[in-house]
């Protein structure tokens with residue numbers, strides 16, 4: 001059997017590129033969610049100074065700093081090994097639920113008995 005190595009290499013490269021793009025998208029999204037409130041808060045303070053913004057300012061600064069705590073978890077969760085494991089699980093359960101039912105020879109569906117068991121503690 002002949003395997004086109006050139007085609008196989010391009011498939012691996014495409015899969016790798018998709019992984020990198022999704023990883024970068026996750027990092028940029030988390031960065032934006034964490035830092036955007038601080039940036040809007042700074043613009044708001046510049047345009048309309050208000051001396052009573054202590055608690056709000058502290059909250060947006062904490063959110064911005066939390067980005068440095070969230071990023072390592074993104075690196076851990078989005079490792080290729082973890083994503084491949086999730087993909088295998090997804091395929092296993094999706095393929096199991098999407099299997100076509102076997103046609104019966106008689107033309108009428110078979111009726112089976114259903115047994116329910118309840119364990120009382």
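Projected over every direction and averaged, the convex hull enclosing the alpha-carbon atoms of region 5-97 yields 9.7 nm². With each pseudo-label sitting 7 Å past Cα toward Cβ, what's the residue 42-residue 90 distance in nm, one decimal? Rounded to a tenth, the inter-label distance reads 3.6 nm.
For the modelled label position 7 Å from the Cα of residue 66 along Cα-to-Cβ, which residues of region 15-39 have backbone nitrogen atoms closer than 11 Å? Output list for this probe position: 34-35.
Note: relative contact order over region 5-97, using C-alpha pairs below 8 Å and six or more positions apart, is 34 percent. Extent along the principal axes, Cα only, for region 29-79: 44, 17, 9 Å, with the longest axis given first.
Read the figures in this text as sums done on the coordinates, not as results from a lab. Please read these numbers as outputs of a predicted model, since none were measured by experiment. We place every Cβ from the backbone using ideal geometry, glycine too, and count neighbours over all the protein chains shown.
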